[in-house]
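Worksheet: one structure, shown below.
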Ligand SMILES: Nc1ncnc2c1ncn2[C@@H]1O[C@H](COP(=O)(O)OP(=O)(O)O)[C@@H](O)[C@H]1O
Ligand SMILES: [Mg+2]
């Protein structure tokens, strides 16, 4: 997947702002370029403006400022029905007074398509989601997962180049959700369509996306492929929002290129790599993933600083063990280690020294 | 491609076992169906106790009067109870028999007896319903025969009044001689029995009821259509406006409910009369000349306008309650699928409002079919409905049997309408709120 830049992108948000009430900005200066065939996910907490962005793209909300381009063309003034964008809604929005077949036929009829071609396409779209047998049912006679498939088929039946999905799996139970994630991803790859997907479920975002745009407070906090997002968060919000994270507060003691020495509140020193800090003396939050924390000296870099830790609790999770530690006056420091044969047994009250590779500790903005 | 798994597929398990007959039993061998009945009996008994007061109330105040009314529409013993001898004679002699001396004697005796116990007026009234203008014949004959007649009775009666020899009179007396009669229903349909007992239409100048029924149904249909045209956009606004504004609008819609009937009607008179506000404005604008002021009240226009006003909430409220539940994402989905806003309205939004529309239309139509006060006040003579005729029979002509027959026909029409609606739309699709 090539990351688009400038004019060759398929979807382009160019300095887009949105306000509903004329007083607060719900979307603040959004710049986002999406490549053709990309699966892009907007991920963020509720109220962060994801749906608003999607609605602006679909044409149901107008951008207060800025420009939205689709395939190089400014679509700010194009009404929704002329944008040719497929959309899957959270509650599916299947028309309850029509059968499944009529639901799928609707977008084809309004395009003036002939009967035989309509039949063809409906059959193909239903087969694509394995719902061929349900053509004459009403939506109310289908289970949630089946409705979801029909909604998907309806959004795809008229061959849109771009499909928007707003939390499409939010109403399904966990097992079915994971199954549908897989199906949607497979469809995306097979059809080569561009998908903009909205979710507040990070697991969903990580498994499905080519790139994830993390939203908070009307801004994109970070735009990156899943692995980069998890391993190299660029600010404290992203570090805390994606995956489990330990955040240690401190101030910059020394700064050498991208190496930083951080003094924690209790006076201890740790190594970290500088990510978005600028100067010595500045407060910072150091983020370390629990599975990157080591407690065996031979696994730590030789000259690395180590920290005093006390085991508060050990939780057995099967494949891994999860220890809650007190580190630098923080009672919620988490360390995960593999459950292997002969693994050291930690017990509450036990004291040990922990450390990590400086590349795994990222000095970010203070929270 | 992906394999179709259905994680929701459930495994069916049986509660107990199967007995020899193949039906399910509970764990201790009791048939499941019987166990279910037993376990729900208590709950049902309690539910019955709770509805009992309402049931009694409805029986006493609703079903009982309707039953009595239906009975009255086919039963009137004003003649048969007070003219026993003649009634017996009619029973023993088939239609077409010329009245013999025995018949005349029975007539004279009955008249005398009725005059003595002062029920001759009741008899005359009953006859008058059947054959207009015969009441005085009976009352004056009653005065003259009170002291008895000498045979031959035929000549004696004819001497009192030659009209007694009219075959139509005898036919009419035969018609009313049985207490149970269809004559009120016939009359309510502008029909009657002629001398041979055949059903024929009444004279053209006497035909009023069929025309009134037709007018009632046509006006009700117009009023229903008007409430729909006015109410649909209002209901839509109510369902989509922010709460504070929609509350205000709701108050405006409900205002006619909360206003005294007289205030409401006077307001319409002020607006619509020939020297009223609307005519003044039209004249002032130069659209009509001073001499061409429109007649908008005391005719059908008045009835339509005022009743549309009063009945509007009955259309708006069911529509509103349905529209409120229509998720806006349906319209969005339709738009994103390529439909223009008009297509979206026609194919998605409007069909989804049909349950509310059906309920509202049924309510408004049924209410206006039986509406009485507003047409009476602003309808003039051309705006009178069948209900006004029923009221007239109840309060002025005191022909309660006729009123009952008209009401029963109205009730039947409404029930048929209900049935048709059920067949076309389904009563369970009705959404009242
Ligand atoms: N139609 C609207 N009118 C006014 N405010 C809105 C509207 N839709 C959303 N908002 C506000 O905009 C913000 C972002 O909402 P939304 O885009 O739905 O967030 P998300 O989809 O990320 O949960 C929220 O604070 C919400 O209250
Ligand atoms: Mg949302």
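Values in this text are rule-based calculations from the coordinates and carry no lab data. Quick caveat, the model's predicted, so the values are computed rather than measured. Neighbour counts run over all protein chains shown; Cβ positions are idealised from the backbone, glycine included.
Which of B:248, B:237, B:24 moves most in a GNM of chain B, Cα contacts under 10 Å?
Residue with maximal mean-square fluctuation among B:248, B:237, B:24: B:24.
Could you grab the relative contact order for region A:80-144? Cα pairs under 8 Å, six or more apart, rounded to a whole percent.
Reported relative contact order: 45 percent.
What is the packing order of peptides B:297-303, A:112-118, taking the mean over residues of other C-beta atoms within 10 Å and listing the highest first? Spell out each step's value before the answer.
On the way: B:297-303: 21.4, A:112-118: 11.3.
Answer by packing, highest mean first, reads B:297-303, A:112-118.
Within a 10 angstrom radius of the beta carbon, how do A:237, B:62 rank from fewest other beta carbons to most? Working shown, then result.
Numbers: A:237 21, B:62 10.
Fewest to most other Cβ atoms nearby, the residues stand as B:62, A:237.
Pairs of Cα atoms under 8 Å, at least six residues apart: use those to get the relative contact order of chain B, whole percent.
Details: 489 pairs, mean separation 66.0, N = 433.
Worked out over chain B, it gives 15 percent.
Within a 10 angstrom radius of each residue's Cβ in A:78-87, how many Cβ atoms of other chains show up on average? Whole number is fine. Write out the running numbers ahead of the final one.
Numbers: counts 0, 3, 10, 10, 3, 3, 3, 3, 3, 6.
Mean partner-chain Cβ count within 10 Å for A:78-87: 4.
Sort A:161, B:91 so the one with the fewest other Cβ atoms within 10 Å of its own Cβ comes first. Spell out each step's value before the answer.
Details: A:161 16, B:91 12.
Final ranking by Cβ density, sparse to dense: B:91, A:161.
What would the Debye formula give as log10 I(q)/I(0) at q = 0.06, 0.07, 0.08 Å⁻¹ for the alpha-carbon point model of the protein assembly as shown, no solvent?
-0.70, -0.83, -0.96
When N counts the residues of region B:114-161, how does its alpha-carbon radius of gyration compare numerically with 2.2 N^0.38 Å, as a ratio? Let's see the in-between values first.
Details: Rg = 11.0 Å, N = 48, 2.2 N^0.38 = 9.6 Å.
Dividing the Cα radius of gyration by 2.2 N^0.38 Å gives 1.15.
Which Rg and Dmax, in Å, describe the Cα atoms of region A:204-301?
Cα only, region A:204-301: 14.8, 45 Å (Rg, Dmax).
Once you order the gyration tensor axes a ≥ b ≥ c over the Cα atoms, which shape class does region B:209-429 get: rounded for a/c under 1.5, otherwise prolate or oblate by comparing a/b with b/c?
It comes out oblate by the Cα gyration axes.
Put a dot 7 Å past each Cα toward the Cβ at residue A:73 and residue A:161; how far apart are the dots in nm?
It works out to 0.8 nm between the two label points.
Between the helical axis of A:174-191 and the dominant principal axis of chain A, each derived from Cα atoms, what acute angle in degrees is found, rounded to the nearest 10?
With both axes taken from Cα atoms, the answer is about 60 degrees.
Using only the alpha carbons of chain B, determine the length spanned along each of the three principal axes and report them from longest to shortest in whole angstroms.
110, 90, 40
Of B:45, B:143, B:244, which is the most mobile in a GNM of chain B whose springs link Cα atoms less than 10 angstrom apart?
Residue with maximal mean-square fluctuation among B:45, B:143, B:244: B:45.
Dividing the alpha-carbon radius of gyration of chain A by 2.2 N^0.38 Å (N being the number of residues), what value is obtained?
Working: Rg = 24.6 Å, N = 367, 2.2 N^0.38 = 20.7 Å.
This ratio for chain A stands at 1.19.
How large, in Å, is region A:80-121 by the Kirkwood hydrodynamic radius built from its alpha-carbon pairs? List each step's numbers first, then the result.
Details: mean 1/r = 0.0870 Å⁻¹.
After inverting the mean inverse Cα-Cα distance, the result is 11.5 Å.
Which angle from 0 to 90°, rounded to the nearest 10, does the C-alpha axis of helix B:32-58 make with the longest principal axis of chain B?
The angle comes out near 50 degrees.
Beyond 18 Å, how much of the Cα-Cα pair distribution for region B:184-294 remains, as a whole percent?
Details: 4529 of 6105 pairs.
Cα-Cα pairs in region B:184-294 separated by more than 18 Å: 74 percent.
Compute a Gaussian network model of chain A, connecting alpha carbons closer than 10 Å, and tell me which residue from A:224, A:247, A:304 fluctuates the most.
Among A:224, A:247, A:304, the largest mean-square fluctuation in the Gaussian network model of chain A belongs to A:304.
Over region A:287-367, calculate the relative contact order: mean separation of alpha carbon pairs under 8 Å at least 6 apart, over the residue count, as a percent.
Contact order relative to length: 42 percent.
Averaged across the residues of B:84-94, what count of C-beta atoms belonging to other chains lies within 10 Å of each residue's C-beta?
Details: counts 0, 0, 0, 0, 0, 0, 0, 0, 0, 0, 0.
Other-chain Cβ atoms within 10 Å of each residue's Cβ, averaged: 0.
Summarise the partner chain shielding of B:339-352 as one whole number: the mean count of Cβ atoms from other chains within 10 Å of each residue's Cβ. Intermediate results must be reported in sequence, preceding the final value.
Details: counts 7, 5, 3, 0, 4, 3, 0, 0, 7, 6, 0, 0, 4, 3.
Across B:339-352, the average partner-chain Cβ count within 10 Å equals 3.
Quick one: Cα convex hull volume of region B:301-433, Å³ per residue?
In region B:301-433, the Cα convex hull volume per residue is 123 Å³.
Roughly how tilted is helix A:100-109, in degrees to the nearest 10 and between 0 and 90, from the longest Cα axis of chain A?
70
Quick one: order B:71, A:188, B:393 by neighbouring beta-carbon count within 10 Å, fewest to most. Kindly include the intermediate steps, with their values, before the conclusion.
Details: B:71 12, A:188 19, B:393 22.
Least crowded to most crowded, the residues run B:71, A:188, B:393.
Given the rule -39500 (n - 2.57) for each run of at least 4 DSSP H residues, summed and divided by the residues of chain A, what is its mean residue ellipticity at 222 nm, to the nearest 500 deg cm²/dmol?
Using -39500 (n - 2.57) per qualifying helix, the result is -6500 deg cm²/dmol.
Determine the calculated [θ] at 222 nm for chain B from helices alone, applying -39500 (n - 2.57) to every DSSP H run no shorter than 4 residues and normalising by the residue count; nearest 500 deg cm²/dmol.
Details: 20 runs with 277 residues, N = 433.
-20500 deg cm²/dmol, from helical runs alone.
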